[in-house]
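Here is the structure we will look at, set down as structure tokens.
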Amino acid sequence: MDLDKLMNQHLTRAFDGSKTIPDESLQQLLRFLRSAPTSTNIQPNHFYVLASAEAKRQLADNLGERFQDNSGKILNASHALILTTRADVPDSHLDEVFGKEDADGRFPDPAKRAMWQYMTRDFLSLRNYAYKDLNHWMEKQTYMVMGMTMMAAVELGFDATPLEGFDPTSVDKAFKIRETGHTTTVLMALGYPDREKAYKGPISRFEADRLFTFM
Ligand SMILES: Cc1cc2nc3c(=O)[nH]c(=O)nc-3n(C[C@H](O)[C@H](O)[C@H](O)COP(=O)(O)O)c2cc1C
């Protein structure tokens, strides 16, 4: 990965609608996405992978009135992702997480397994009742997955632009997402830049002395 190149380029806002990500690259991205770690291994996400023109149109048409500007990005992207996050953590979800950990042989030692499950429940209880940020905490995990996806896409030779400009109620309704116990956190457009329309101006970021404290 060429970090110097990466740190000097704008996020892609205009995609070349004639180019499609090769299936093997997409599958590798999805394998990578699946491997992303989450706090307490909570795995609060479900991802919608939109490849067909109809699915992308359905998303573009349901961004909400004030976010029309993003519809062209989705329509011209090779693929669009809807990153959704659980709205809460019912026992059935924890049972699934612990069941999968058992099936994968994560804790062969029963004492360690019991300790892990106790600690996980305790941490979730803190989030829910003391910090009162259970959903927000889970969405932070989603943002980390989003960041990892952006980097992985570059490594695979295409671009991934996160899009916060959408109305979650509208997207949830269009894709019946709340019925699954999830809600939309962020969207991503994946594909290849339209070089003609790429921003050519300078990148604007705070200077290093404004950003870092060395101690
Ligand atoms: C989490 C996140 C969400 C974003 N959402 C949108 C969006 O909805 N629409 C858009 O055009 N750009 C979006 N952007 C792009 C940012 O506005 C852009 O990266 C920032 O203004 C810096 O501009 P630059 O990448 O050209 O340097 C988003 C970027 C991030 C990191």
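Can you find even one residue in the range 115-122 that is among the basic types (Lys, Arg), away from the ligand (no atom under 16 Å from the Cβ), open to solvent by 50 Å² or more (accessible area, probe 1.4 Å) and at pLDDT 95 or above? Scanning the range 115-122, I find at least one residue that is among the basic types (Lys, Arg), away from the ligand (no atom under 16 Å from the Cβ), open to solvent by 50 Å² or more (accessible area, probe 1.4 Å) and at pLDDT 95 or above, so the answer is yes. For the range 128-146, which residues satisfy the criterion of being open to solvent by 30 Å² or more (accessible area, probe 1.4 Å) and either of a type in the set (D, E, K, R) or within 16 Å of the ligand (Cβ to nearest atom) (or both)? Matches in the range 128-146: LYS132, HIS136, GLU139, LYS140, TYR143, MET144.
Taking the criterion of being more than 15 Å from ARG86 (Cα to Cα) and either open to solvent by less than 30 Å² (accessible area, probe 1.4 Å) or more than 14 Å from the ligand (Cβ to nearest atom) (or both), the residues of the range 176-203 that qualify are LEU187, MET188, ALA189, LEU190, GLY191, TYR192, PRO193, ARG195, GLU196. Cβ separations smaller than 6 Å between residues 6+ apart or across chains give the following pairs from the range 10-31 residues that are under 22 Å from SER71 (Cα atoms) and within 16 Å of the ligand (Cβ to nearest atom) to residues that are open to solvent by less than 50 Å² (accessible area, probe 1.4 Å) and not in a loop (DSSP other than H, G, I, E, B): LEU11/THR161; THR12/ASP159; THR12/THR161; THR12/PRO193; PHE15/GLY191. When the range 65-83 is filtered for residues that are aliphatic (A, V, I, L, M) and within 11 Å of the ligand (Cβ to nearest atom), the ones remaining, listed by number, are ILE74, LEU83.
What do you reckon, is LYS100 under 20 Å from THR180 (Cα atoms), within 15 Å of the ligand (Cβ to nearest atom) and open to solvent by 40 Å² or more (accessible area, probe 1.4 Å)? Write out each step before concluding.
On the way: under 20 Å from THR180 (Cα atoms): yes; within 15 Å of the ligand (Cβ to nearest atom): no; open to solvent by 40 Å² or more (accessible area, probe 1.4 Å): yes.
So LYS100 does not fit the description; no.
Among the residues of the range 11-64, just one is among the basic types (Lys, Arg) and open to solvent by less than 80 Å² (accessible area, probe 1.4 Å), namely LYS56. Checked against (1) farther than 21 Å from LYS173 by Cα; (2) touching a residue at least 40 places away in the same chain (Cβ under 8 Å); (3) open to solvent by less than 60 Å² (accessible area, probe 1.4 Å), PHE107 passes all but a single condition, namely (2). Of the residues making up the range 149-167, those that are within 11 Å of the ligand (Cβ to nearest atom), part of a loop (DSSP other than H, G, I, E, B) and in contact (Cβ under 8 Å) with a residue 60 or more places away in the chain are GLY165, PHE166.
The values are calculated or read from the model by the stated rules, or taken from the named source; none is laboratory data. The structure presented is a predicted model; accordingly, all values stated were derived computationally and were not measured. For neighbour counting, all protein chains shown are included, and Cβ atoms are generated from backbone atoms with ideal geometry for every residue, glycine included. What goes into the accessible areas is simple: the full protein's heavy atoms, side chains included, and nothing from ligands, DNA or RNA. Shrake-Rupley method; radii C 1.70, N 1.55, O 1.52, S 1.80 Å.
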